[in-house]
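None of the figures in this text is laboratory data; all of them are computed from the coordinates on show. All values reported here derive from a predicted model rather than from experimental measurement. Cβ sites come from the backbone with ideal geometry, for glycine too, and all protein chains shown count toward neighbours.
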Amino acid sequence: GFVIYNDMLSCVQWCKYARKCVGDQMYEQMMEIAKHNKEKAAKERAEKAVALAGGADAVLRAAEEAVRKGECQWCLELCDLLLTIGVNAEAARRQKAVALTKLAAYETSANGRHYYLVCAHELENRH
């Protein structure tokens with residue numbers, strides 16, 4: 001056999017009457033299943049994208065190059081792939097912090113700049 005799941009939202013995820021329709025216990029179970037499926041799908045997509053790009057080391061090199069070119073948002077996306085699959089995670093965290101700090105330097109909104117810097121700080125101080 002094989003496992004089939006779809007990426008379509010279950011009605012339990014979007015219907016405001018879902019809890020009443022299926023009951024509290026079933027609602028909680030279905031929402032937990034949906035969360036698990038979403039996380040699994042994200043990891044599978046990241047694994048395939050990293051493999052397609054030539055592996056985790058190639059993705060990390062591309063992230064570093066993106067920062068050098070000033071493509072900080074692209075760097076963040078590449079680092080997120082590595083963080084999702086848990087490969088080269090420490091280096092990806094450091095590189096993501098660098099990109100966030102550079103984005104903060106160009107942000108004109110004080111709130112936006114603060115957000116970037118706090119995210120970078122959290123990544124740098126994570127153990």
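For the pair V22 and N37, the difference between a 0.36 nm per residue extended length and the Cα-Cα distance amounts to 3.4 nm.
Pick out, from L52, C21, C119, the residue whose Cα sits farthest towards the positive end of the charge dipole of the chain, with +1 on the Cβ of Lys and Arg and -1 on the Cβ of Asp and Glu. So the residue furthest toward the plus end is C21.
Against the chain, whose longest principal axis is taken from its Cα atoms, helix 110-124 shows a tilt of about 90°. If I fit a long axis through the Cα atoms of helix 56-68 and take the longest principal axis of the Cα atoms of the chain, what angle between them do I get, 0 to 90°, rounded to 10? The angle comes out near 50 degrees.
Sorting the segments 106-114, 58-66 by their mean number of nearby beta carbons within 10 angstrom, highest to lowest, gives 58-66, 106-114.
Descending by average beta-carbon neighbour count within 10 Å, the peptides 27-37, 78-88 line up as 78-88, 27-37, the highest first. Between 0 and 90 degrees, the angle of helix 72-85 with respect to the longest Cα principal axis of the chain falls at about 50 degrees. Here the contact order of segment 36-85, divided by its residue count and restricted to Cα pairs under 8 Å and six or more residues apart, works out to 44 percent.
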